[in-house]
Structures are given as C-alpha cells and as structure tokens.
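Here's the structure, in structure tokens; my notes come after.
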Amino acid sequence: MQPASADGVDWWPMFHHDVDHTGTSTSTAPITNNTLWTYTTGGDMDSSPAVADGMVYVGGGTDPHVFCLNALSGTQVWNFTTGNYVSSSPAVADGLVYVGSHDSNVYCLNASTGSLVWKYTTGSEVGWCSPTVVGGLVYVGSFDDNLYCLNAATGALVWNYTTGSAVVSSAAVVGGLVYVGSFDGNVYCLNASTGAIVWSYTTKARYQVWSSPAVVGGLVYVGCFNGNLYCLNAATGAFVWNYTTGGPLFSSPAVVGGLVYVGSYDGKVNCLNAATGALVWNYTTGSSVNSSPAVADGLVYVGSEDAKVYCLNAANGALVWSYQTGGYGVFSSPAAVNGVVYIASAVGKVYAFGPSPASHDVAIWRATTSKSVVGNGYSMNVSVTVADVGNFTETFNASAYANATIITSQYFTLPIGNYTTVTFTWNTTGFAYGNYSLDADVQLASGENNTASTFVGVVTIGIPGDVDGSGRVDMGDVVSLCSAFGSTLGQPKYVPNCDIENSGRIDMSDIMIVLSNFGQHYP
C-alpha cells in the first residue's frame, strides 16, 4: 500500500488509492454534501480523480484532455490535449502523471506543468484501464489484449503479456506480483519483473473481467461481468468464495476492516464479509452502480447511474447523504483526501465535497421516534443524530419539541467531523390526546446559531393499550400484543408501539394495560 507523503497527508495518487487497490484512505471525510467547488469540462466524464500534492488530476472523458486542478479552489492549473477522449484515471508518482487515452497512447506528463515527458503507443485503445506505478515501472492494459510494463522514466517497453482479449482492468501490484483481469474471462497473476505467468483463474462461463482486483491479506477480490465477486488465494489462484449479485460487476471492490464493498449493475452497493463472502448489508440506489466505492472515516462514497453521489455508513449501509449531479450518471470513482471527497460525473463536472473553511456548523443528520403511538402518561424516545460539520470542536444545545412545546434539551460537545446520537425520553403525562408534530433543533453555545428545526415525525397520544392508534382499545390491539409478546428491543418480532411501558420488552405488564383499558375510546 502506498505510504502517506512526507507532509502527513494520505494522498490518493492513483485509481483506488494505492497499488493494492484497497480503495480506502486514513483521511477524515465529509458527513454532509456541502460542495466546496465544481469545475466544468467540455464533455462527459468517467475518469476517476487522482489527488496528490495539492492537485487533482482527472481525464476529460469525451473532452480529450487531462486536467490538473487546484485541490483547494478547483481552479485549472493546466490541461494537456490528447488525440482522443480520456476514460483512464491518472496515476501520480515522483512528479510525473501517467494516463491512457482512447488514441492508443500512454502519456507521461510533468505533474507541475503538464508538459509531455514521453508517450508509448500500444496497438489499440487504452480505454478504462488506469496505470499502476510502482518501483520505477508502469503497468497498463490495452484493447489490443496486452498488459504492458513500461519504464516509468523513459516509457521504454520492459515486457508485455498477451491475454485472450482486451484488458481494461487496472493492475494491482503486490509482493512482486501483478494481478489483472481480461475480457477473455480470466484473472491473471504475473511476475512483476518479467511478465511470466504465475497462475490464472477462469471465471464461470469465461465472462469479461472489467473490474480491477484488490489484493489484501493474501487474497484477491475481483468482480466479473457474470455478476460474481470472486475471492481467490493470491499465491495460488485457488478459489476461496464468490458472491453473486443481481447484475454484471464493472465496479472494483474496496477492502478494509474485514469487509468488502462493491457496486453492482442491479443498483446496489454491497458490503460483504471479506473472509466468507457473506452479505453484511446492501443499499439500493436508483440505477446501476459502476463506480468503485471509496472508504474513509467509517463512510462509503460511490456514484450511481442515477446521477447521484452517495455517502453511506460503512458499518450498516445507512444513507448519510446523497447529491444529485444532473446528467445521466456518475461512473467516476471517488477519491477521499484530507477531509474532502473528489469525483467526476457524466454531466462534465468535477466535484469537491467537504466542510466550509473556518466555519462553525453543526447539523442534524437523522431524527427518529421510537413509536408512532404512545399511551397517555407513558413514555417514548426521540433520537437525534447531530454532526459537527464545521472546522471547530463545538458545544451545542440539542432540543426536541412536541407542537412547539419543548420536551427536553441537553448540552453536548463534539470534536470536528464527529457525530453523536442524542436520545430524549418524552414522558407524555400532562399532554392531551391527539396528534403531535415532533421537531428537533441544535444551537451552538457560541458562533453560528442553527435556528432552523428538523421535522422528526407525527406521534399520536392515545389511551394506553391503543397500540394501533385507532382511538379505541379493542381486539386488534390484543392480537398485536400477543403476536409481539416476549420479544425485546432489536428482535424481529419487537413492535415498539406494543411496548407500552417503554421497557424494551413486551411482557405481561403491557398485556394487563390493554386488558384494563379494553373497550375505552376517545372522541
């Protein structure tokens, strides 16, 4: 894995972050979709940004240029014109930028000026394959069926290996071995110095391998057009497991913390157990997910063909935020660097998401109620997740309201970029029967005051035992209680409305409340 640079920033210098293609960074990452800047090119974009030494490098897609942008402001530093469009994602190493083009060339450019250092012409398009640079060598595939190894300083050919079809997969290089997929349906392991084959693995029905391998912990993870994500032994190529999604896999997996994250053409972002392939969670977007996830700071970032960028909780897949880019899709893969996420979209824009500079800001991320119906005189919970999305550690007051009447409030302190869930208990004693609109807000102790409230939900206060909110305690409530009887909070059978006493367990005390109020109703 690429080490952080001398300035301590974990840069994202090539496709999927590093030569292992882990797709993960030690950077902090944004928990809102605050847009720092956008840069507009002249064409549709599917190249993924590389970020190094304060600059963003990205291919222009159908606009046949390589762009260098200032990472803080998004202003253009330079651009370089190629002979055809650029889907390849740049790689940056030792002051040089390497990128492929559909004009069949691999380019090496000066990272500071964009001037041409050398170019190498392959036998066909260098399409979606992105160069991998390590140990003074550049590894890159072509539609002419070859994986090339070039001298990084001169562009001279060191070796090439011919597969049975096009190579758009980007090579991972680990421990003196190169791992890459081919349209011939094989995953190859080659000697990094000589190109000699070490092993190959043939996928089911020999479907195309677009996905780029990630190599972590002695295992190779790679997707296939047949819808399978494969896990192979990195030393031998032996099959370990596969997980079948609902559509082809163009996305490349990210691997971190014993979990694998990958998008699929069925519109899902999948999280799998890295050791077994068991599904941990999936999240459904509005269209196919060809973008490769990036993982940073406990969050997963990915684009979808529904033209949105998504940020998900890495542990459970919950939506943190999304951003609508417009156009017809986000095929680019994100880069997470120094608290900012960079990504391009088919609408021809590059986006930078992150906190505003020198800002005091806290935001309500999520607000929920534990029940939709609560018995008069009994309690329920209101949970509010608050995030520090500014640039200062903040002390703030979080409050919850029922029809503008304050329920309770509490002070908290949050470090930069962190979030916490505040759970309030609302005792409904003294509140009349009826429907209540619940809201929440946060206010900083100093600096910016967040006065806008967030709607939480509508809750009905009714007769204790009226768990379905019908206004009457009847057999429907008895049946509901009996069905959930004995369950505890977190179990599938647990129904919060049936936990009348708010004890976390549905038991005989709840049954007795229903029976004692059976037949009662309110107008």
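Odds and ends about this structure:
- The listed residues are 319, 299, and the only one of them that is surrounded by fewer than 18 Cβ atoms within 10 Å (Cβ to Cβ) and within 10 Å of the chain's Cα centre (by Cα) turns out to be 319.
Matching residues to (1) free of Cβ contacts under 8 Å to residues at least 60 places away in the same chain; (2) farther than 26 Å from residue 241 by Cα:
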| site | (1), (2) |
| --- | --- |
| 282 | yes, no |
| 287 | yes, yes |
| 290 | yes, no |
| 294 | no, no |
| 300 | yes, no |
| 313 | yes, no |
| 320 | no, yes |
| 323 | no, yes |
| 330 | yes, yes |
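- As a summary of the residue check, residue 100 satisfies the conditions (1) buried (at least 24 other Cβ atoms within 10 Å of the Cβ); (2) modelled with pLDDT under 95; (3) not polar (S, T, N, Q) except for the one numbered (2).
- Taken as a whole, the structure places residue 39 among residues that are modelled with pLDDT of 95 or more, closer than 20 Å to residue 332 by Cβ, assigned by TED's automatic domain parsing to the domain that holds residue 292 and of a type outside the set (A, V, I, L, M, F, W, C).
- Residue within region 204-219 that is modelled with pLDDT under 95, over 29 Å from the mean Cα position of the chain (by Cα), surrounded by fewer than 23 Cβ atoms within 10 Å (Cβ to Cβ) and outside the structural domain of residue 294 (by TED's automatic domain parsing) present: yes
- Hits in region 112-146 (condition: crowded, with 24+ Cβ neighbours inside 10 Å and of a type in the set (A, V, I, L, M, F, W, C)): 126, 128, 129, 133, 138, 140
- Residue within region 354-364 that is in contact (Cβ under 8 Å) with a residue 12 or more places away in the chain, within 30 Å of residue 88 (Cα to Cα) and out of contact with any helix residue (DSSP H, G or I) (no Cβ under 8 Å at 6 or more places or on another chain) present: yes
- In region 159-222, counting only strands (runs of 3 or more DSSP E) that sit wholly within it, the ones holding 3 or more residues that are hydroxyl-bearing (Ser, Thr, Tyr) span 197-202.
- Counted residues, region 330-354 - those being crowded, with 22+ Cβ neighbours inside 10 Å and in a loop (DSSP other than H, G, I, E, B): 7
- Some residue of region 305-324 being small (Gly, Ala, Ser) and in contact with a Pro (Cβ under 7 Å, 6 or more places away or on another chain): no
- Of the residues screened, residue 185 is one that is within 30 Å of the chain's Cα centre (by Cα) and without any contact (Cβ under 8 Å) to a residue 60 or more places away in the chain.
- Residues satisfying the stated conditions in region 45-80, i.e. of a type in the set (Asp, Glu) and either within 18 Å of the chain's Cα centre (by Cα) or in the same structural domain as residue 338 (by TED's automatic domain parsing) (or both): 46
- Here region 500-522 is the region considered, the condition is being assigned to a loop (DSSP other than H, G, I, E, B) and in contact (Cβ under 8 Å) with a residue 40 or more places away in the chain, and the residue that is surrounded by the fewest Cβ atoms within 10 Å (Cβ to Cβ) is 519.
- Any hit, region 456-476, residues being in a helix (DSSP H, G or I) and touching a Ser or Thr at 6+ places or on another chain (Cβ under 8 Å): yes
Quick grid of which residues meet (1) part of a strand (DSSP E or B); (2) in contact (Cβ under 8 Å) with a residue 60 or more places away in the chain:
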site: 47; (1), (2): no, yes
site: 51; (1), (2): yes, yes
site: 57; (1), (2): yes, no
site: 68; (1), (2): yes, no
site: 79; (1), (2): yes, no
site: 92; (1), (2): yes, yes
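- Condition met for residue 92 (touching a Leu at 6+ places or on another chain (Cβ under 9 Å), under 20 Å from residue 352 (Cβ atoms) and among the aliphatic types (A, V, I, L, M)): no
- Note on region 135-169: residues that are in contact with a strand residue (DSSP E or B) (Cβ under 6 Å, 6 or more places away or on another chain), hydroxyl-bearing (Ser, Thr, Tyr) and touching a residue at least 40 places away in the same chain (Cβ under 8 Å) amount to 3.
- Test: residue in region 56-67 that is surrounded by 23 or more Cβ atoms within 10 Å (Cβ to Cβ), over 30 Å from residue 223 (Cα atoms) and of a type in the set (A, V, I, L, M): no
- Just so you know, in region 165-203 the residues that are aromatic (Phe, Trp, Tyr) and over 13 Å from residue 21 (Cα atoms) include one that is surrounded by the fewest Cβ atoms within 10 Å (Cβ to Cβ), and it is 199.
The values are calculated or read from the model by the stated rules, or taken from the named source; none is laboratory data. Here the structure is a predicted model, which is why all the values come from computation and not from measurement. All Cβ positions, even for glycine, are placed from backbone atoms using ideal geometry, and neighbour counts span all protein chains on display.
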